[in-house]
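Here is the structure we will look at.
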Amino acid sequence: MFVNSIKALPQFWLDLEKKWLPTYVWTGNPFTLWQERILFIICFSATVFGPFALIPSIILSVSTGFVNVAVLDTIAYVSVVLVLFSRNTSFNIRAASIFCILYVLGAGLLFFLGPIGTGYLWLLGASIIISSIHDFRVVVFIFVLNICTFTLFAFFIDAGILGWGILTDKALEKWLVMAVNFLLVNALITITTVLMLHSLKETLRNEQDVRAKLQENEQRYRTLFETAKDAIFLIKDNIVIDCNPSALLMFGCGDKNELLDLNPWSLSAPQQWDGQDSKLKAQIFVDAALAGNPQHFEWTYQINDGVTIESEVVLNRLRLNKEFYLQAVARDVTEYKRIEGQKNRAEEQYRQAQKMESIGRLAGGVAHDLNNLLSPILGYSEILLDELEIEDDRRESVDLIFQAGICARDLVRQLLAFSRKQTLNVRHIDINSTISGFEKLLRRTIREDIELELTLTPDNPVVKADIGQMEQVLMNLIVNSADAMPDGGTVVIETALVDLEDGDYIKFHQGVRPGKYVMVAISDTGCGMDEETTKNIFEPFFSTKGEQGTGLGLATVYGIIKQHDGNIWVYSEPGKGTTFKVYLPVVYEVEAHVEDTMNNIESMDSRGTESIALVEDNESVRKLVQSVLRQKGYTVFVADNGEDALTMLENHAGSLGLLLTDVIMPGINGRELYNRARKKYPDLNVLYMSGYTSNVIAHHGVLEKGVQFIQKPFTVMQLLTKVREVLNQTNNLTHD
């Protein structure tokens, strides 16, 4: 029981302090609390234990005739009790009161009883107490006060006012020695006390600063913890013990209890992106982080409804209250990953477009040279076929040359289509009517085991396009779909009006300008293509048919659509079919006459008697054209460049029916030549010819309205028909 009482004393004393000390000391700084506690200990101890010394002292003092000592002791005790109960008085007043009480008591006892009394002890006690409460300045004050007090006592002794029996012989000298010793002891004790107090004060202040910083850091951490946009988990022994609001939001939870007490891998998908088991992989990261190695990794979480969350996680070790914890910071990057996959796709589209543009420029240049080579091959073989008898054995060989030239010409035209340099006969056309009118030919082209379905929008969308080129696009795409369905299937042609104003669509599809488009979608139920194939599907000479394909069909489609300021995209997966989506700009200002068929050339007599100025810098082509026209009765004047042609025209005195000129020549080009020739022949007709179009007669590959043009290579019949068509015009064209 005694032991239990001893153990209960600290709590008993703390309860006393809380009851008797002023309220403000518990919320103030630690040093103020320390001062108040010392003062309370002094007053309380003196009040409680004082009577045990006071009563014997009074009895002894009265019995020996020192009544004044008894009165002094009683006054001192009562004063201390009053200080104890005046706890609402300021600290400095109460501390000064205690010092004065003890100092007066010590000085009085010394005065009345001399060195044999307890006066020294009370003086020393007063000095120690006040030193333990206040700073070094008070110590100096006490030391000076003691010197003054002991000097006064020395004066009293020397004047004979005090007659202590113990100091009868050399009383003053003895007193001075005692005073010096007391002052020395007093100085040592008070200085030591105040230094210890100062050290304690600094310790408390430092501790207070540390606590304040810790509280500040804790508050800052808690603020960051609570307001962070990333999900934060605090983990102890592989158990989540705390999380922030963002974690609740990330996992769709309404309360922390749904996430607390879980293992970190409980929130994860069964396997991670690399196929590893989530629990085993998480334990590796946890062990590494606990060893002091911060971990940064990608992680796949899974919320209640099975939806996965892609995240970046940082795992760090924390030490709190001498224990180690783990802090996991998870950032949801699901949307970022999605968008990243889409600048990657957009970037790939851009690179693909750049590559195909470069190939297109190369193809256009090669096609121009090939056209000049093919023109005489086709022309002379056609002339030979016309001259040779049917029975002639050589006719078959010449015919093979002619057919090979035709195939080569078609190949060149595909290159020109891909390079977007072919001539377009542009009209305002109803895309639905074009598809419907071409449907019969498409059905005859594909096999009987393939079903063709048309789903056309009722809006009758009109586009500005070359019908023949659009029919070639349809034919190539339909044939491509049919080849992807060896066991039969379905091809669906669908049209729709779409508004591509969506910023995300424009952002992730290179080359698309905002606006309204007609979408023509060709979908099949065929074998489909993998991602690598779809990346290269529009490249020239890339074929999915092996040696059976030229690899120019879809490349030609791509070039045609691009030349019409449109776009084409392919969507396909192995085993799930393929969809090609073509987007063509909608035309709003529709002309009165909307073409729905190709412009047919009427059969006409190819002979004539007019005079024709022929200007061609390629000798083979020039000789061929000259020979063909002269055989048909025309008078032909020949020049191989623009300067010679102008000189020839200036010297010509008769009429001139037609200027037949190449477009691109050294020096003066074909259009400039025509403009200057019209000064002498205002009604002069012109027929341009070229292996490719240029900005002289075309703008971005689309021929200007009203300009007559024939594309190299051409057959003899095509040349004669086109020449006759131009000469038969009743109204000549005017060019600026």
Here the equivalent ellipsoid of the stretch 8-67, derived from its Cα gyration tensor, has semi-axes (largest first, whole Å) of 34, 13, 7
For GLU216, the accessible surface traced by a 1.4 Å probe with all protein chains present amounts, in square angstrom to the nearest 10, to 100
For the stretch 255-262, in residue order, the Karplus 3J(HN,Hα) values (coefficients 6.51, -1.76, 1.60; θ = phi - 60°; whole Hz; Gly and Pro = x) are 8, 4, 4, 6, 10, 6, 6, 9
Taking 0.36 nm per residue of separation between SER655 and GLU218 and subtracting their Cα-Cα distance, the length gained on full extension comes to 147.1 nm
The answer for ILE450, listing residues at least 5 apart or on another chain whose modeled amide H is closer than 5 Å to its amide H, is GLY489
Contour minus Cα-Cα span, LYS679 to GLN729, at 0.36 nm per residue, comes to 16.0 nm
The correct pair for the stretch 643-684, radius of gyration to one decimal and Dmax as a whole number, both in Å and from Cα atoms, is 9.8, 27
Net charge (Lys, Arg +1; Asp, Glu -1) of residues whose beta-carbon lies under 12 Å from that of GLU323, GLU323 excluded, is +3
Rounded to the nearest 0.05, FRET efficiency between ARG607 and GLU396 (Cβ-Cβ, R0 25 Å) equals 0.30
Length gained, ARG444-LEU497, 0.36 nm per residue minus C-alpha separation, equals 16.2 nm
Probe 1.4 Å, all chains present, heavy atoms only: GLU382 accessible area in Å², nearest 10, is 40
Rh_Kirkwood(the stretch 87-159) over Cα pairs, Å, one decimal, evaluates to 12.9
XL table LYS281/LYS576; LYS337/LYS581; LYS535/LYS722; LYS18/LYS236; LYS337/LYS464; LYS440/LYS632; Cα-Cα > 32 Å flagged, in table order, is LYS281/LYS576; LYS535/LYS722; LYS18/LYS236; LYS337/LYS464; LYS440/LYS632
When every protein chain stays in place and a 1.4 Å probe is rolled, LEU39, LEU152 sorted by accessible area with the largest first are LEU152, LEU39
Accessible-area order for MET665, MET178, largest to smallest, probe 1.4 angstrom, reads MET178, MET665
Amide H proximity to LEU318 below 5 Å, modelled H, separation 5+ or other chain, gives TYR325, LEU326, GLN327
Phi-derived 3J(HN,Hα) across the stretch 673-686 with the Karplus relation (6.51, -1.76, 1.60, θ = phi - 60°), rounded Hz, x for Gly and Pro, is 4, 5, 4, 6, 5, 5, 5, 8, 10, x, 9, 5, 8, 9
Net charge (Lys, Arg +1; Asp, Glu -1) of residues whose beta-carbon lies under 12 Å from that of GLU573, GLU573 excluded, is -1
Quick calc: nm separation of the 7 Å Cα→Cβ label points for VAL48 and LEU21 -> 1.5
For MET648 the rounded accessible area (nearest 10 Å², probe 1.4 Å, non-protein molecules ignored) is 40
With a Förster distance of 35 angstrom and the Cβ-Cβ distance between SER199 and GLU298, calculated FRET efficiency to the nearest 0.05 equals 0.05
Here the net charge surrounding ARG622, from other residues whose Cβ is less than 13 Å away from its Cβ (Lys, Arg +1; Asp, Glu -1), is -3
Along the stretch 457-467, Karplus-curve 3J(HN,Hα) (6.51, -1.76, 1.60; θ = phi - 60°) to the nearest Hz, with x for Gly and Pro, reads 5, x, 7, 6, x, 10, 10, 9, 7, 8, 4
Sorted by accessible surface (1.4 Å probe, heavy atoms of the protein chains only), largest first, ARG447, ARG394, ARG331, ARG678 come out as ARG394, ARG331, ARG447, ARG678
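The values are calculated or read from the model by the stated rules, or taken from the named source; none is laboratory data. Quick caveat: nothing in here was measured; it's all calculated off a predicted structure. Note that we place each Cβ from the backbone using ideal geometry, even for glycine, and neighbour counts take in every protein chain shown. Remember, those area values only see protein heavy atoms, side chains included, never the ligands or the DNA or RNA. Shrake-Rupley method; radii C 1.70, N 1.55, O 1.52, S 1.80 Å.
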